[in-house]
Amino acid sequence: MQMNPIVDPKDFPASGKCTYLNAANVSLMYQGAEKAIIEWQKDLAENGSINFDEAAEAAVFGDLHRAAARLFNARTEDIAVGSSATELISSLAWAVAPESGTNVVSTDIVFPSTLYPWLRVARHTNCEIRLAEGHNSYADPDDVIRLIDDRTAVVCVSHVEYSGGQRYDLRELAQVAHDHNALLVVDATQSAGAVPIDAPACDVDALVTAGYKWLCGPFGAAVMYLAPHLQDQLDPGLVGFRSHKDMWDLQADRVEFPATAQRFEYSTMAFGCAIGLARSINYIADVGVERIFSYNKHLADLLIEGLKERNAEIISPHNEKEQTSIVAARFPGKDPAQIARKLKAAGVMVSARKDFVRFSPHLYNQRADIEQALDRIDDL
Ligand SMILES: Cc1ncc(COP(=O)(O)O)c(C=O)c1O
């Protein structure tokens, strides 16, 4: 299979240092993002608010709103910026606060940060949490759908499961959720940047992603898409001076939220990270997420083929509908943590999760990286 690289290795200088197959943990960062973050931080350190004045602070998320809107085919009004996916999901969960007598549907294999905010709210409101049972890090979407009923307030899933890389059909879940007047809330941390997402077309109600995985951005910045019908309905769980529609008004005796998703922005943060994330999202969008998705799938196919030849048991789904480039493999009789450690010592970065090894190639990888990883596995 002919596979021409889709990015210039100079855009990811670290990609030459080792065989990096670990985007599901932390991706390599696009060098343009790194540069923007360092420049911003240096200017702040050396000039305080001389350049970063009140007008600049009010407008600081503009680039990221535009970049995320471009990525999700949304409007800038539909995007809120936060420091982490967990923070945005938490603020949203408290805003929705499903009541006693209603339920929240998810899976028991979801990443904890996707579910913990709802568990915390449930302790307060007494709503029910219903989890589809996963087997071998796979949850059958029909089992999720079977749990949804007229008492369901929220269906909350991770678009791509962090462990086995299973991908859900968002449109299908949205349809069922909406048939029961429930919201579909999606954690896209393991998909945004690697899997095409048209948020309005999928009809999701909210979609959150961190920046440091498949978007090739930094820690410290995350975004949320909020569907227009919810924007003037929700009282965010986290509020601060920026929550008021005119943030420099600074009257503490009342708070009036903007009528957009930006009511979920509430305070200061590591602003340089938001500026950097905008750069990496625009870079990813310029390369094209459809193209990245297809390229990464080829890398995953090569990896799966090679791993099978080495008698590894592939846990990740390998079909058109559910596959991503997260490849989880079990090596019978071998300790995954030890394999990950030995591969790291041999210059191959992967993660050990549960009882398997997780490989997660991304756009900066090439066929040679997959061959290198397989050769080093042979050495073990
Ligand atoms: C699906 C998913 N959601 C959220 C997170 C954590 O996001 P954050 O660090 O931005 O809170 C992770 C991290 O692995 C994840 O895999």
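Over every Cα atom in the stretch 175-284, the radius of gyration and the widest Cα-Cα span, Dmax, amount to 15.5, 44 Å. The modelled label-to-label distance for the pair residue 310/residue 259, using points 7 Å beyond Cα in the direction of Cβ, is 5.8 nm.
Across the stretch 134-146, coupling constants 3J(HN,Hα) worked out from phi with the 6.51/-1.76/1.60 Karplus curve, θ = phi - 60°, read x, 10, 6, 6, 9, 10, 5, x, 5, 5, 5, 4, 4 Hz, and Gly and Pro carry x. Taking θ as phi - 60° and the Karplus parameters 6.51, -1.76 and 1.60, the scalar couplings of the stretch 299-316 work out to 4, 5, 4, 4, 5, 4, 4, x, 5, 5, 4, 9, 6, 7, 9, 7, 8, 5 Hz in sequence order, x denoting glycine and proline. Which shape class applies to the stretch 15-118: rounded if a/c is under 1.5, otherwise prolate when a/b exceeds b/c and oblate if not, where a ≥ b ≥ c are the square roots of the Cα gyration tensor eigenvalues? Note, shape of the stretch 15-118 comes out oblate.
Taking packing as the residue-averaged number of other Cβ atoms within 10 angstrom, the listed peptides 79-91, 191-203 run from highest to lowest as 79-91, 191-203.
In order along the stretch 113-123, the phi-based Karplus estimate (6.51 cos²θ - 1.76 cosθ + 1.60, θ = phi - 60°) of 3J(HN,Hα) comes to 5, 6, 9, 3, x, 6, 4, 5, 5, 4, 4 Hz; Gly and Pro are listed as x. Per-peptide packing, taken as the mean over residues of other Cβ atoms within 10 Å, places 126-133, 20-27 in the sequence 20-27, 126-133 from highest down. Less than 5 angstrom separates the built amide H of residue 102 from those of 128, all sequence-distant by 5 or more or on a different chain.
Near residue 221, the amide H atoms lying under 5 Å from its own belong to 211; only residues 5 or more places off or on other chains count, and H is placed 1.01 Å from N. Near the amide H of residue 134, within less than 5 Å, lie the amide hydrogens of 108, 109, all on another chain or at least 5 residues away, with H placed in the peptide plane. Peptides 227-240, 365-378, 43-56, 161-174 ranked from most to least packed by the mean count of surrounding Cβ atoms within 10 Å: 161-174, 365-378, 227-240, 43-56.
Compute the label zone of residue 47 within the stretch 57-88: residues whose backbone N is under 13 Å from the point 7 Å along Cα-to-Cβ. Output list for this probe position: 57.
Hey, which of these cross-link pairs are over 22 Å Cα-Cα: 17/42; 17/308; 297/321; 213/297; 10/213; 213/245? Going by Cα-Cα distance, 17/42; 17/308; 213/245 fall outside the 22 Å limit. Between residue 179 and residue 338, the simple label model (points 7 Å from Cα in the Cβ direction) yields a spacing of 4.9 nm. Taking a ≥ b ≥ c as the square roots of the eigenvalues of the Cα gyration tensor, the chain is oblate, since a/c reaches 1.5 or more and a/b is not larger than b/c.
Summing -39500 (n - 2.57) over the DSSP H runs of n ≥ 4 in the chain and dividing by its residue number, what mean residue ellipticity at 222 nm do you reach, to the nearest 500 deg cm²/dmol? Please list the in-between numbers first.
Values: 12 runs with 141 residues, N = 380.
One gets -11500 deg cm²/dmol as the mean residue ellipticity at 222 nm.
Read-outs throughout are calculated quantities, based only on the coordinates presented, and are distinct from any laboratory measurement. Remember, predicted model here, so these are calculated numbers, not experimental data. Here Cβ is always computed from backbone atoms with ideal geometry, including for glycine, and neighbour counts include all displayed protein chains.
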